[in-house]
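Here the structure comes first, spelled out in C-alpha cells, and everything after it is commentary.
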Amino acid sequence: MKILPQGKRIVVEIEEMTETEAGIILTSNAHIIHEKGTVKEVGDMVSRVKQGDIILFKSWYLDSIELDKKTIHFLDEEGIMAVIK
C-alpha cells in the first residue's frame, strides 16, 4: 500500500537520535522536541524537500497513525528545520 500525503504534508520515517555527531548523549526525553528522519512521500503542495531527503524537524508538527500494524508519521512542511546534505 502506498500512502500519498495531501497538501503540505510529508510522510517521514523517524530515526531516533541518542547521540549527536559531536558525541553529546541525549537524555531519554531530549529527542521529543527535535527529530531526524527520511522523507518517504511528499504532498502535492510541498516545495522545500523531496523523497529521500534527510531532515531535522520539530516533533510537535508530527502526527502518527497505526495502519496495518505499522506506524505512519505525517509531518507539516513548516515543521522542517533543516535538510541534511
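Could you run through region 35-61 and say how many residues are free of Cβ contacts under 8 Å to residues at least 40 places away in the same chain and in a strand (DSSP E or B)?
10
If only one of GLU21, GLU41 is surrounded by 11 or more Cβ atoms within 10 Å (Cβ to Cβ) and modelled with pLDDT of 65 or more, which one is it?
Numbers: GLU21 fails: surrounded by 11 or more Cβ atoms within 10 Å (Cβ to Cβ).
Testing whether each residue is surrounded by 11 or more Cβ atoms within 10 Å (Cβ to Cβ) and modelled with pLDDT of 65 or more leaves just GLU41.
Can you run down the residue pairs with Cβ atoms below 7 Å, 6 or more apart or on separate chains, where the first is in region 65-85 and of a type in the set (D, E, K, R) and the partner is part of a loop (DSSP other than H, G, I, E, B) and at pLDDT 90 or above?
Listed by first residue and then by second, the contacts come to ASP76/LYS8; GLU77/LYS8; GLU77/VAL46; GLU77/ARG48.
Of all residues in region 2-18, which are at pLDDT below 95 and either on the phi > 0 side of the Ramachandran plot or among the basic types (Lys, Arg) (or both)?
Residue satisfying the conditions is LYS2 alone.
The values are calculated or read from the model by the stated rules, or taken from the named source; none is laboratory data. All of these numbers come straight from a predicted model, not from anything done at the bench. Positions of Cβ are generated from backbone atoms using ideal geometry, with glycine treated the same way; all protein chains shown enter the neighbour counts.
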